[in-house]
Amino acid sequence: PIYGNTQEILDSEQGQKLLAGGNAQSFVKEMGKITYENRYAMQRDTLSACEGADLIIGGTLMGFNSAIISAKLKIPLIDAYVNPAFYSTKEFPHFMVAHKNLYFGFLNRLYYTIFFGAYASSLTQEVNEWCMALGLNTSVKSILNKGIEQNVPVLNGYSPSILPNPADWPAHVITTGV
């Protein structure tokens, strides 16, 4: 088993307060703290669970970890998300940064740059530390760029009738659901 149970965290008193608050930024920040506090056990168990696998499917909270494990074990990676957070578009801003469409494509896309800059910066030490421990010569920026450069498949798990794929997303970013 992998250390850390997301459902258990969400069902806890603290998790219920986060969910009831309705603030996505606070929710992600607090979940990030919980993940950080438990990172060593999660990294160890996730790496162990992936050994011998044919494919790694990474998600929102384990995105960097799954990419690092994929690089270490040389196993293909697919990213799977439940929100449109990881590919920029001119059609709408990143939901964690702006809550309404800015109607200027370059500004919408800029909000993704701002989000990813802050996100990557917050994880730099943690990611670099684990990469060094695994003998990998990589960085947060190179991990982000690798996903883009190698067209790592992305499956968005929400209905395209709610939010269709933006026209400027590459073909390997697919929205599934009905």
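Scan the stretch 111-159 for residues that are open to solvent by 80 Å² or more (accessible area, probe 1.4 Å), hydrophobic (A, V, I, L, M, F, W, C) and within 18 Å of PHE95 (Cβ to Cβ) and the total you get is 1. Looking across the stretch 1-20 at every residue that is among the aliphatic types (A, V, I, L, M) and open to solvent by 70 Å² or more (accessible area, probe 1.4 Å), the one that is modelled with the lowest pLDDT is identified as ILE2. The single condition among (1) of a type outside the set (Gly, Ala, Ser); (2) under 21 Å from LEU155 (Cβ atoms); (3) under 15 Å from the mean Cα position of the chain (by Cα) that PRO76 does not satisfy is (3).
Within the stretch 50-65, residues that are over 17 Å from TRP130 (Cβ atoms) have Cβ atoms under 9 Å from residues that are of a type in the set (Gly, Ala, Ser) and open to solvent by less than 20 Å² (accessible area, probe 1.4 Å) in these pairs: ILE57/SER66; GLY59/SER66; THR60/ALA85, counting only partners at least 6 apart in sequence or on another chain. Do any helices (runs of 4 or more DSSP H) lying entirely in the stretch 1-84 carry at least 1 residues that are closer than 30 Å to PRO164 by Cβ, and which ones are they? Where helices (runs of 4 or more DSSP H) fall fully within the stretch 1-84 and carry at least 1 residues being closer than 30 Å to PRO164 by Cβ, they are 6-11, 13-21, 24-37, 63-73.
Annotation note: Cβ proximity below 7 Å between a residue of the stretch 22-45 that is modelled with pLDDT of 80 or more and open to solvent by less than 30 Å² (accessible area, probe 1.4 Å) and a residue that is in a helix (DSSP H, G or I) and of a type in the set (Phe, Trp, Tyr) (sequence gap 6+ or interchain) occurs for GLN43/TRP130. For the stretch 53-77, give me each residue that is surrounded by fewer than 16 Cβ atoms within 10 Å (Cβ to Cβ) and over 20 Å from ARG39 (Cα atoms). Of everything in the stretch 53-77, those that are surrounded by fewer than 16 Cβ atoms within 10 Å (Cβ to Cβ) and over 20 Å from ARG39 (Cα atoms) turn out to be ALA53, ASP54, LEU55, LYS74, PRO76. Restricting attention to the stretch 88-136, the residues that are over 23 Å from LEU163 (Cβ atoms) and charged (D, E, K, R) add up to 2.
Scanning the stretch 122-143 for residues being part of a helix (DSSP H, G or I) and without any contact (Cβ under 8 Å) to a residue 12 or more places away in the chain gives a total of 5.
Among the residues of the stretch 89-109, not a single one is closer than 18 Å to LYS146 by Cα and open to solvent by 50 Å² or more (accessible area, probe 1.4 Å).
Among residues of the stretch 144-178 being part of a helix (DSSP H, G or I) and without any contact (Cβ under 8 Å) to a residue 40 or more places away in the chain, the one that is farthest from MET42 (Cα to Cα) is GLU149.
Here's the yes/no breakdown for (1) touching a strand residue (DSSP E or B) at 6+ places or on another chain (Cβ under 7 Å); (2) modelled with pLDDT of 85 or more:
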| site | (1), (2) |
| --- | --- |
| ASP79 | yes, yes |
| ALA85 | no, no |
| THR89 | no, yes |
| PRO93 | no, yes |
| ASN101 | no, no |
| LEU107 | no, yes |
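For PRO164, the requirement of being open to solvent by 70 Å² or more (accessible area, probe 1.4 Å), touching a strand residue (DSSP E or B) at 6+ places or on another chain (Cβ under 9 Å) and farther than 14 Å from PHE64 by Cα is met.
The values are calculated or read from the model by the stated rules, or taken from the named source; none is laboratory data. The structure presented is a predicted model; accordingly, all values stated were derived computationally and were not measured. All Cβ positions, even for glycine, are placed from backbone atoms using ideal geometry, and neighbour counts span all protein chains on display. Just the protein is used for accessible areas: all its heavy atoms, side chains included, with ligands, DNA and RNA removed. Shrake-Rupley method; radii C 1.70, N 1.55, O 1.52, S 1.80 Å.
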